[in-house]
Structures are given as structure tokens and as C-alpha cells.
Amino acid sequence: MIAMRKLFLFILSYFMFSFIFLSEISVADDEVVIDLAQMQISINTGFNGDELVIYGTRTKGDLAITIRGPDHNMIVRKKSKIMGMWVNTDSVEFNKVPVYYDYAIIGDETGISSEKILNELGIGIDEMDFSSDEDDILKKELFHEALIRIRQSEGLLPLSSEKIENITDDFFKVKFILPSNVPTGKYIVEAFLFNDGKLVDRFRKDFPVTQVGISAEIYKMAMEHSWLYGFSMVLFAVLMGWGSHMLFRRR
Amino acid sequence: MYIYLPIAEMSVPAEAILALGVFVGFLSGVFGVGGGFLSTPFMIFLGIPPAVAVGTQASQLVASGVSGVLGHLKKGNVDIKMGIVMLGGGFIGSIIGIFIFKMLKHFGQIDLVISALYVILLGVIGGMMLFESILSFFKKGGSDKKTGDFLSGKFASKLPYKMKFEQSKIYVSALIPAFIGFVGGLLVSIMGIGGGFLLVPAMIYILGMSPLLVAGTSLFQIIFTTAFSTVLHAVANHTVDLVLSVLLIVGGVIGVRVGLAMAKYFGGVGARIFLSLMIVIIAIKMAFGLLVEPEDYFSVVVR
């Protein structure tokens, strides 16, 4: 509800803004606006995946929404048989692969725009093309395919597009599922509006996926004060061992 | 109930980890082994990154080591001088082990090396234990091994830095126990096991120490190498998970209690056959992982 109210206020102020300053420009411009039902995805001790709900309005046209996590380099390794054992023998490193990606589309996926534009905007899973220093094109393609297949099986890349639910003609809702192994970091949600295959408007909204509470404290301490963390772990273990010894002695 | 592991950055069923802790604790209560050889592969099987499994296991071994050694200390079954000499080698072994671990992780061979080491070490030692316990099952009284043969050999007597270990009643070059400790330290850092199952026979057959002293002394040594390795893993690799460690340790404390209470029903040759069978089974399971064609040739690592 809060999100909807916020969205409403946002749209209202947008129109007021455009009315005051841009009154000479036609109001019936192509536009898309989105907002998130949550300000962030919080990972606490009980976290086992979450869903992110996005609301928005749009004028006429084809709509695509993407969500992507922070980019990391990923190494794809391939096993082969050496002296009877299966060993990692070959690898390709891909640059700037989003650790999480999902998308949703209204309308025909292939008809929405040209492959080139979709690729540039990062819409769709088939159009994904991660860069790599590998020169062998066939090899790169093989490893690229494996990368997408494995990340899909981990729920971090989609198998196909999610559904956008039209609540009214211009008001829509879409839901993305973030699995329990979703990496932390800054995530970007972006909406794209197309008319006749041409991009006419886009709207971006960022949100963090972050550990909160005890989890966050532990993570922070482990990363920032690793010496103290390591020694505390040992101290804790010694105390537990000593405690359990005392327990037996009493018996 | 799923619980989120802040360092592994994934959630696991808390019951499974607790149960693992209880079972491992039970084993150490009954047999006096650390049980790292069981829990590290099991955690990896649950999908916990090998690096986190190994790093966290080290902290659990500290707890079970302290609990065990306190009992031995009271009975005077710890040769502290011997333990300290072994520790010298153990520290060096742990440091080198951490670097090897980091390097193997970089080259993508860490899984292979961990599995291969498990297969070789567990296979050989489990097999020997099984063979010996079956033998002594049939030959009542057991075979009396000629211990300390190595010490009177040419090589050992030529080594410098001879030291007298009053409590163990042996006179030997400090390099030999230090080397045994070194190998133990390597194993802690690379495999996340205390290495007791390797140290114990080495101390009995190479140093010729009495089995009674060996258990306490090896545990004494293991506490420090695992503690050291915990800190090193925490600092160098950030792979010690507090939540995972708490679950393992709490489960372990309960398990040790049950194990000690049940030890009298499980004593003797039958128990040793059971333990060695379990070690051999894990070795075979790991060997399958190496030898059987994988379902997927590819794997992905996030940098």
C-alpha cells in the first residue's frame, strides 16, 4: 500500500512538474514509471529467498523490465579425463556477468524490438553475450552456453521471461523471485518502453540486497576485523570445549 | 528450519548441520577421533563451498580437541614437550597449507586435490585399520607390532638436534616429531581435518610412543594447529562461518556426551571394524566422484 501511495504521489508530482515547466510540450508523451514494493531485500538469519514486487504505469507500447545484480567476472571450467580421473583442464573467464538477472516482457519477445537493440539494453536471456578474452569463437560459445545453463539451474538466471500482470490498461505489476543464494550488492531494476520497435522511454530504480541484523554484523566483522574474528572463533571454540568437559566431569 | 550462513552466503537446513555435529561428536566420544574426515565431505555435499567447509571445520576441531585433551591432561597422558616440538612443525605446515590452498583455489584444482587426498589417505589408513582389526579379531590378543624400528635405523640416528623426551621415554632427533607435526598442519589447512588418524599411527609406529600417551599428545598438538588454521583461514580467505561453526560445535558437545556414555557398549574390535569400514566407505565414495564421468563437465566460479 505504501508503495502504491508513493507511486501515486510520484506520478502526481511528475504531472505537476511537467504541467508547470513543460506545459508547451505535449503531455501525452510516451512514458513509463516504476516503483518497488520494498526499499531493499534484507537477508537475516532466517532468509530463504524472497520476492520483489514492482508496480508501474505506462503509456501505450511494448514494455520490458529487467533486474540485474552486481557484475562479477566468472570462470567456467571444464573437466576432462586424465589418467582415469576427471580433472578441470580447460577454462574461460567471462567479464562482467551479472550475479543475478531476470526480465519480464509484455508483448511478443522477438517482435518487441530488433535483436541488436535488445542486446544493447540487456533485455532477454537469448540475447545475452558476455565478453571474454578467449579468441577461439567456438570454444567461447560452448563455455558461454554452459555458463548460462549452470546459472539458470542455480536460479540466478531465468529460463524465460516472467509475466507482467496488467492491472488496468496502463497500470502494471511484476514479481521477481530472488533465491536463497542470491548474492548481496546493488541491484538495478529498469523499465523500457518501445513503440514500433523503437525505445521511447526508460526508467531506472536501484535497490540493495543486503544482510541485516546478526548476519550483517558477523559478515562485517569477518571481513573488516578478520584477526579479531578469527581469534574470537578460537576463543569461542575453546570455551565450548572446556564447557563440555566440565559437563562430563560432573556426571 | 533453514538458517542463513553469513559467510557462505547461502541457507542450509539447521537440523542437518546439528545432526552432523552430533554424529561427529558421538564418534569422538566413542573412538577419540576428531571426525573432520566425515563432516568436511558432508558439508561440501550440502552445497557449502569447500573453502568455507574446510575453514569452519578447523574451528569445530578446536572445541572437540580442548574437550578431549582436558580429560587426558588430568590422567597425565599428555607429553607436553613432545607436543610442543610437533607444534613447531605444525605451525609451519599450517602456513604452507594455507598458501597451497589459496593457490589450488586460484587454479581451480582445490576440489580435485581435496578429493584425491581423501581417497588416498582415508583409503590407505582405513584399509590398514580394517585389516588389522579383522586380524586381531581372529587372532585373540592381537599382533604385537615392533614399534620404534625406524628410530634405531641408520637414517634416524644420523639426524641432528637430538632431544630427550622424559615422559615418552625416548631419545630422538627433534626433526622427526616436528616433521610429523608438519604433515598434520598441512592436512588441517588443506583438508580441514585434525589429522589424528594419521598422527596417531605415526607416533606409535615411528616414534614408538605408548598408545596411551599418543592420544593425549596428538590432541594437544591438534588444538593448536586447528586454532592457528582457524585464524589463518579467517584472515587469509575469510572462510570461517560463525553460524555454521556454532551449529557444529553445539551438536558436537551433545554428541560427545552421548558417545562417552555409550562407549562401553561400543568398545573393542567390533567398534574398530565399524570405524575403519566407515573411513573406507567415505574413501570409496570420494573415489567415485573422481573416477565416474560427471553429469556436467562444466562448473562456474564467481570471482
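The values are calculated or read from the model by the stated rules, or taken from the named source; none is laboratory data. Because the structure is predicted, anything quoted here is derived from the model rather than measured. With ideal geometry, Cβ positions are generated from the backbone for all residues, glycine too; neighbour counts draw on all protein chains shown. Surface accessibility is based on the protein's heavy atoms, side chains included, excluding ligands, DNA and RNA. Shrake-Rupley method; radii C 1.70, N 1.55, O 1.52, S 1.80 Å.
Out of the total accessible area of the protein assembly as shown (probe 1.4 Å, heavy atoms of protein only), what percent is carbon and sulfur?
Solvent-exposed carbon and sulfur of the protein assembly as shown make up 65 percent of the total.
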Could you give the length gained by full extension between residue A:202 and residue A:72, i.e. 0.36 nm per residue of separation minus their alpha carbon distance, to one decimal place? 44.3 nm
Filter on A:186/B:105; A:81/B:102; A:60/A:198; A:96/A:175; A:78/A:116 - keep pairs with C-alpha separation over 22 Å: A:186/B:105; A:81/B:102; A:96/A:175; A:78/A:116
Based on the Cβ-Cβ distance from residue A:153 to residue A:216, what FRET efficiency comes out when R0 is 35 Å, to the nearest 0.05? 0.75
Within chain B, longest stretch free of exposed GluC sites (Glu not before Pro) [DSSP loop, at most 14 other beta carbons within 10 Å]: B:1-165
Fraction of beta bridges assigned by DSSP in the protein assembly as shown that are antiparallel (%, nearest 5): 95
Kindly work out what percent of the DSSP beta bridges joining two residues of segment A:2-211 are antiparallel, to the nearest 5. 95
For residue B:137 paired with residue B:106, estimate the spin-label separation in nm (one decimal), with each label point 7 Å from Cα along the Cα-to-Cβ line. 4.8
Projected onto the charge dipole of chain A (+1 at Lys/Arg Cβ, -1 at Asp/Glu Cβ, origin at the Cα centre), which of A:112, A:64, A:231 gives the Cα projection farthest towards the positive end? A:231
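222 nm [θ] for chain B, helices only, -39500 (n - 2.57) per DSSP H run of 4+, per residue, to 500?
-24000 deg cm²/dmol
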By how many degrees, 0 to 90 and rounded to 10, does the Cα axis of helix A:2-21 deviate from the longest principal axis of chain A? 40
Computed FRET efficiency, Cβ-Cβ of residue B:166 and residue A:242, R0 25 Å: what is it to the nearest 0.05? 0.35
Distance between modelled label sites at residue A:82 and residue A:40, nm, 7 Å Cα→Cβ extension: 4.5
The extension gain from residue A:53 to residue A:180, computed as 0.36 nm times the residue separation minus the Cα-Cα distance, is 44.1 nm
For helix A:213-224, what angle does its Cα long axis make with the longest principal axis of chain A, in degrees from 0 to 90 and rounded to 10? 70
Averaged over A:66-76, how many beta carbons belonging to a partner chain fall within 10 Å of each residue's beta carbon? 2
Is any helix in chain B, taking whole DSSP H runs, at least 30 angstrom long along its axis by alpha carbon and on average at least 1.0 on the Kyte-Doolittle scale, and which ones? B:80-107, B:110-138, B:211-232, B:242-266, B:268-291
Taking the Cβ-Cβ separation of residue B:158 and residue B:269 as r and a Förster radius of 41 Å, what is the calculated FRET efficiency to the nearest 0.05? 0.60
Give the aspartates and glutamates reachable from residue A:139 as a straight Cα distance under 13 Å; neighbours fewer than 8 places away on the same chain don't count. A:90, A:93
Sorting check: for B:16-27, B:224-235, which peptide has the highest mean count of neighbouring beta carbons within 10 Å, and how do the rest follow? B:224-235, B:16-27
